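Novice: First the structure, which I've put down as structure tokens, then a few questions once you've had a look.
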Amino acid sequence: MSTGKSTKAYRYPRAGLFAACAVMTCSLFCQASADSNARNVQKDFNLKIYLPREVTVKDSSLSLGQISIVRGSESLAARANKIALGRFSVPGQEIVIDRHMVLSRLACNGIPTSRVTLTGAEKITVKQKFQIVRGDQLVSVASSFIKGHCPQNSGCQWNVIRTPKDFAVQGAAKSIAFSPRLVRSNVKNQAKVEIALLSGGKKIAVREITFTLKYNCRQAVAKVDIAAGARIGPDNVRIEEKASSQPEAADWKPPFGLVAKRRLPANAVIRPQMVGPVRAPIIVKRNQSVLIRIESLGFLITAGGTALQDGKAGEHVKVRNADSRRVIIAKINVDGSVEPVL
């Protein structure tokens, strides 16, 4: 009996020890599992963000996902990627974003900085993709258009008053089309061309280019010094072409055959008021005796008279008939005789 009790007593302590070990093992396992779950939860709430030194984007509005690489749980990373960081106001602008700004924007959106790990650059320089339409390209388009639509005549020239500034088109390279048209100008000798810039069939900008108009004209220039009263001809005057702000007069012709009204120095441009027709000499003077001639088919009548006015060949003057004392109007002939005007 004593031996049986001893054996039973021996079995009970061992069973208690086993139970204690089992409980301890289970407790340790549960604790480890809880710690692992806590670490997993904490890991799911952490973000790792890599910041490059420089990045180029297409859109004008910036988000964290456009300028960095975000790692973390799918929902948290998606949330962080959408955080706005500003926008471009003008093409060609550069925006600098530092780590402090990134952390501030994360905190404002409910993601504490203690859960964020930043790597990479301290600052990011962000640029926007754009293409440039040069001002001289616009002038070329306008010049080609006005060449076939000159508002005056085909003999005119045109000079651009001012080349427009280059125009930046936001976004990646696109096909830019130009649609020019003439617009009304209130300034004389000017023409305006309006160019619409089209992208994808939509008007994205309008530029206006103004031209001054010039006309191909001729002018007479003195080859040598020309004395007053000298006759103008090819030997002392040359004809040159020039560009003028006024079109050439429809009745313009070289001043050959005219005489200089005053001295004209060499290389002087001869204006219309500087020359005039050759003046015929006075061949009949006042109180001069003249021969009055009336000639017709088969007869000739002559009489004496006195001129009451000076006159040149072809002019009409008053003449007093010596016989009748009547005053008549007579035309002066080249030979100095006069012919009554009936």
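Novice: For the stretch 120-142, give me the residue count where each residue is in a strand (DSSP E or B) and charged (D, E, K, R).
Specialist: Of the residues in the stretch 120-142, 2 are in a strand (DSSP E or B) and charged (D, E, K, R).
Novice: Given the conditions (1) under 30 Å from LYS223 (Cβ atoms); (2) more than 60 Å from the chain's Cα centre (by Cα), report the number of the one that ASP323 does not fulfil.
Specialist: In the conditions (1) under 30 Å from LYS223 (Cβ atoms); (2) more than 60 Å from the chain's Cα centre (by Cα), ASP323 misses (1) alone.
Novice: Moving on to the next point. Name, by its number, the condition in (1) touching a Phe, Trp or Tyr at 6+ places or on another chain (Cβ under 6 Å); (2) closer than 27 Å to PHE88 by Cβ that does not hold for ALA196.
Specialist: Looking at each condition in turn, ALA196 falls short on (1).
Novice: Can you give me the number of residues within the stretch 317-335 that are out of contact with any Leu (no Cβ under 8 Å at 6 or more places or on another chain) and either of a type in the set (D, E, K, R) or in a strand (DSSP E or B) (or both)? Explain how you work it out, then say what you get.
Specialist: Step one: list which residues in the stretch 317-335 are out of contact with any Leu (no Cβ under 8 Å at 6 or more places or on another chain), which gives 321-326, 328-335.
Those left that are additionally either of a type in the set (D, E, K, R) or in a strand (DSSP E or B) (or both): 321, 323, 325-326, 328-332, 335.
Qualifying residue count for the region: 10.
Novice: Give me the pairs: first residue in the stretch 322-342 and under 17 Å from GLN288 (Cβ atoms), second residue of a type in the set (S, T, N, Q) and surrounded by 14 or more Cβ atoms within 10 Å (Cβ to Cβ), beta-carbon distance under 7 Å, and six or more apart or on different chains, which are they?
Specialist: ALA322/THR306; ILE328/ASN321; GLU339/ASN333
Novice: Could you check the stretch 296-342 and list, in sequence order, the residues that are within 14 Å of ILE282 (Cβ to Cβ) and among the basic types (Lys, Arg)?
Specialist: Passing the criteria: only LYS312.
Novice: Just one of the numbered conditions (1) closer than 26 Å to SER89 by Cβ; (2) of a type outside the set (A, V, I, L, M); (3) modelled with pLDDT under 90 is not true of CYS156; which one?
Specialist: Going through the list (1) closer than 26 Å to SER89 by Cβ; (2) of a type outside the set (A, V, I, L, M); (3) modelled with pLDDT under 90, CYS156 breaks only (1).
Novice: Same structure, new question: Name the single residue that is nearest to ASN189 (Cα to Cα) among those in the stretch 227-242 being in contact with a Pro (Cβ under 8 Å, 6 or more places away or on another chain) and touching a residue at least 24 places away in the same chain (Cβ under 8 Å).
Specialist: The selected residue is VAL237.
Novice: Continuing with the same structure: Filtering the stretch 161-177 down to residues that are within 16 Å of the chain's Cα centre (by Cα) and farther than 12 Å from ARG134 by Cβ, which residue is modelled with the lowest pLDDT?
Specialist: Checking each candidate, the answer is ARG162.
Novice: Any residue in the stretch 286-302 that is within 30 Å of PRO340 (Cβ to Cβ), basic (Lys, Arg) and part of a loop (DSSP other than H, G, I, E, B)?
Specialist: yes
The values are calculated or read from the model by the stated rules, or taken from the named source; none is laboratory data. Worth saying up front: this structure is predicted, and the values here are computed from it rather than measured. Here Cβ is always computed from backbone atoms with ideal geometry, including for glycine, and neighbour counts include all displayed protein chains.
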